[in-house]
Amino acid sequence: MDGTAAYVMKIRLNGEEYVTRDARSVEDLLKELDIDPVRVAVEVNLEIVRKSDYSGVMLKDGDTVEVVSFVGGGCMRTPSRGRADF
């Protein structure tokens with residue numbers, strides 16, 4: 001061991017318990033999860049976090065974090081019926 005203690009914290013991530021050993025900020029968490037911050041929106045304890053604040057918003061034990069991905073899409077068309085209804 002290198003003599004440094006691991007930083008362990010439990011948060012609720014997208015409705016599931018998650019234990020992090022390294023994430024102290026939203027930015028750290030996204031790095032730990034290998035998530036591109038450009039493609040997501042993050043909410044901590046029901047407050048939306050601006051992308052410019054990801055490095056400054058510090059997570060605390062017990063926080064609730066939601067990470068939402070942006071998904072592109074549009075109208076699906078099928079050759080025989082035209083527009084698909086969902």
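Descriptive notes on the structure:
- A straight chain from E16 to F70 at 0.36 nm per residue would run longer than the Cα-Cα distance by 17.4 nm.
- Potential lengthening of the chain between A41 and S25 amounts to 4.3 nm, from the contour at 0.36 nm per residue minus the alpha-carbon distance.
- Across the stretch 48-60, coupling constants 3J(HN,Hα) worked out from phi with the 6.51/-1.76/1.60 Karplus curve, θ = phi - 60°, read 5, 9, 5, 4, 5, 9, 3, 6, x, 8, 8, 8, 10 Hz, and Gly and Pro carry x.
Computed from the coordinates by the stated procedures, all read-outs in this text should not be read as laboratory data. Here the structure is a predicted model, which means the values were calculated and not measured.
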